[in-house]
Amino acid sequence: MPESRSIVEAINDNIEDSNLNIPVFNSVALRLQKVLASKDYGIDEVNKLIIADAGLASQVLRVSNSSFYAGLNKVSTIREAIVRLGGSCVANITMLATQQDIYRSTDPKLNEIMRTLWRHALCCAIGAKWLAAKTNFAALKEEAFLAGLLHDMGKLFLLKVMEKIIKEGKQDGAISPALITEVMESMHVEHGANLMQKWNMPENYCTVARDHHAEQWDQGNALLAIVRLVNMTCKKVGVHMSPDPSLVLFACGEAQFLGIREITLAELEIVIEDAMKQI
């Protein structure tokens, strides 16, 4: 029989369970990120990890040849993709290819929210990579892509926990979309940062997960500034759980720090809107 407790209590009880196993990352994608963190990885090592899973290799090739990544000639092997795009880019493509399927639920209500969250994550990734390349921080473009993709990982984690609670029938009463949104907004930063640390993700991604909404943030951190600004841009153009078209981006500290002109912000909005249409 369902227990009489709040959804927040139910979530916290589940998170405190040492046996909790919530799938929010693909193991191969995580291993690739750890390989790249060593800085002395080889093409063969990256290639071997991906081709061990034929389905994953096919997905990576498909994304590598998409309009967002493709060069003049299509790549036909993972090794070609690594040579052309670089190990970091291919690792990000692997994360992208595997994450899409994780943002799904058999519960119709949660599935709709997850798909909205996926569109936001992907548009943030594309927008962050574009913005880094457009500014003086082109060297950060691959980091910006992954940081944009994963910055709201805490929301996905909480949705997966709620899905588990609903499946087990341990929650008294229906969980409304408004309550789900409230839970995600209030809890996702803490749990997203904890999740990144648990999976030993590099500190820069942990920082973005923790501080992408913080009122006080390190205004010397270019990666964080990029993701924060793109996140706000997505919110302005409507690719967000809580859209706000009234946002004025040019006056924000992130835009000032990055030295972005109003025309560049307008272009960023178009990039995100175009990405949304492709999705």
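Looking at segment 110-130, is at least one residue in contact with a helix residue (DSSP H, G or I) (Cβ under 8 Å, 6 or more places away or on another chain), outside any helix (DSSP H, G or I) and surrounded by fewer than 22 Cβ atoms within 10 Å (Cβ to Cβ)?
no
If I ask for residues that are open to solvent by 20 Å² or more (accessible area, probe 1.4 Å) and outside any helix (DSSP H, G or I), which ones from segment 253-269 would you list?
Residues satisfying the conditions are GLY259, ARG261.
What number of residues within segment 236-272 are within 19 Å of ILE113 (Cα to Cα) and more than 15 Å from the chain's Cα centre (by Cα)?
Matching residues across segment 236-272 total 6.
Go through segment 213-260 and give me each residue that's among the small types (Gly, Ala, Ser) and touching a Pro at 6+ places or on another chain (Cβ under 8 Å).
GLY238
Out of (1) open to solvent by 20 Å² or more (accessible area, probe 1.4 Å); (2) of a type outside the set (Gly, Ala, Ser); (3) closer than 19 Å to TYR205 by Cα; (4) in contact with a helix residue (DSSP H, G or I) (Cβ under 7 Å, 6 or more places away or on another chain), the odd one out for MET95 is which?
Here MET95 meets the rest and fails (1).
When only residues in segment 37-63 that are open to solvent by 20 Å² or more (accessible area, probe 1.4 Å) and aliphatic (A, V, I, L, M) count, which is nearest to GLU142 (Cα to Cα)?
Result: ALA37.
Specify which of the listed residues (ASN200, ASN221) is farther than 22 Å from GLU9 by Cα and modelled with pLDDT under 90.
Of the residues listed, the single one that is farther than 22 Å from GLU9 by Cα and modelled with pLDDT under 90 is ASN200.
Would you confirm, using the coordinates I've provided, whether ILE93 is in a helix (DSSP H, G or I), in contact (Cβ under 8 Å) with a residue 60 or more places away in the chain and of a type in the set (Val, Ile, Thr)?
It is false that ILE93 is in a helix (DSSP H, G or I), in contact (Cβ under 8 Å) with a residue 60 or more places away in the chain and of a type in the set (Val, Ile, Thr).
For segment 29-64, give me each residue that is small (Gly, Ala, Ser), assigned to a helix (DSSP H, G or I) and over 19 Å from THR77 (Cα atoms).
Scanning segment 29-64 gives a single hit, ALA37.
Residues being more than 16 Å from GLY42 (Cβ to Cβ) and surrounded by 19 or more Cβ atoms within 10 Å (Cβ to Cβ): count how many of those fall in segment 64-84.
So the count comes out to 2.
In the list LEU49, LEU20, LEU61, LEU36, which residue meets the criterion of being modelled with pLDDT under 90 and over 29 Å from ALA174 (Cβ atoms)?
LEU36
If ARG104 satisfies all but one of (1) surrounded by 15 or more Cβ atoms within 10 Å (Cβ to Cβ); (2) within 24 Å of ARG31 (Cα to Cα), what's the number of the condition it fails?
It is condition (1) that ARG104 fails.
Residues in segment 234-252: is at least one farther than 25 Å from VAL183 by Cβ, assigned to a helix (DSSP H, G or I) and in contact with a Leu (Cβ under 7 Å, 6 or more places away or on another chain)?
no
Is there any pair with a first residue in segment 105-118 that is farther than 16 Å from ALA174 by Cβ and touching a residue at least 40 places away in the same chain (Cβ under 8 Å) and a second that is among the charged types (D, E, K, R) and open to solvent by 40 Å² or more (accessible area, probe 1.4 Å) whose Cβ atoms are under 8 Å apart and which are 6 or more apart or on different chains, and what are they?
MET114/ARG104
The values are calculated or read from the model by the stated rules, or taken from the named source; none is laboratory data. Since we're looking at a predicted model, the values are computed, not measured. Because the Cβ atoms are built from the backbone with ideal geometry, glycine has one as well, and the counts that use them run over all protein chains shown. What goes into the accessible areas is simple: the full protein's heavy atoms, side chains included, and nothing from ligands, DNA or RNA. Shrake-Rupley method; radii C 1.70, N 1.55, O 1.52, S 1.80 Å.
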